[in-house]
1. Which is farthest toward the positive dipole end of region 34-165 among 73, 45, 149, measuring Cα position about the Cα centre, with Cβ charges +1 (Lys, Arg) and -1 (Asp, Glu)?
2. Step through the residues of region 131-137 one at a time and calculate ³J(HN,Hα) from phi using the Karplus curve (6.51 cos²θ - 1.76 cosθ + 1.60, θ = phi - 60°), rounding each to whole Hz and writing x for Gly and Pro.
3. Let's see if you can work this out: charge +1 on each Lys and Arg Cβ, -1 on each Asp and Glu Cβ, no other charges. What is the dipole magnitude of the chain about its Cα centre, in debye to the nearest 20?
4. Could you list 144, 1, 67 in order of exposure, starting from the residue whose Cβ has the fewest other Cβ atoms within 10 Å?
5. Sorted from fewest to most neighbouring beta carbons within 10 Å, what does the list 47, 163 look like?
6. Could you list which residues have their amide H under 5 Å from that of residue 97, counting only those 5 or more apart in sequence or on another chain, with H placed in the peptide plane?
7. Can you give the angle from 0 to 90° between the axis of helix 73-85 and the longest principal axis of the chain, with both taken from C-alpha atoms, to the nearest 10?
8. Report, by chain and number, residues whose modeled amide H sits under 5 Å from the one on residue 106, excluding near sequence neighbours (fewer than 5 apart, same chain).
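Please treat every number below as a calculation from the coordinates, not as lab data. Computed from a predicted structure; not experimentally measured. All Cβ positions, glycine included, derive from the backbone under ideal geometry; neighbour counts span all protein chains shown.
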Amino acid sequence: MEIFRGKRLWIEKRTIQLPQGTSREKVIIHPSNAVAIFPVDGDYCKLLKQYRIAIDQYIYEAPAGTMELGEEPEETARRELIEETGFAAQTIEPRGFIYTTPGFTDEKIFLFEARDLLHSDEYVKDEDEIIEVVDIPTAHLRGMIRDGTIVDAKTICLIYHCLGC
């Protein structure tokens, strides 16, 4: 049974047959899939210091965004990188994907590493995005994860995928 349908996600309640044969009623959230991008410029990367309404605070995170209907992950990554940072990547490499919280959602985020960055104003950021682009030495990222400066899960996964931690 559909509980809610919005522009970017829908929520359903359904009975699920578990592998051992029992069934459970579950609520499942189906957002659009998304991308996250690790933009590297020499010994630095570009992260966002972004205000997040749900937690009422600023956090450091990788540029990311929702895939539009019919859009391929790399196409979304290229668009979102420009929208959120003002930079386009000449080189963009896939780095796998993650499921964000598979206990209640089927959301998948495709991970990309972006290099050879050039300024671009082809796209502009969304009106509701409160973003500051911050250049951070890549050598500082592991420490920022350890000390809790970076707490965004997709960003932590992306850093580990790209830096081979």
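1. 149
2. Listing the rounded values in order: 10, 10, 7, 10, 8, 10, x Hz.
3. Working: 19 positive and 30 negative charges, 185 e Å.
In debye, rounded to 20, the chain gives about 880.
4. In increasing order of surrounding Cβ atoms, one gets 1, 144, 67.
5. Sorted ascending by nearby Cβ count, the order is 163, 47.
6. Answer set, sorted by chain and number: 111.
7. Between helix and principal axis, roughly 50 degrees.
8. So residue 106 has HN proximity to 29.
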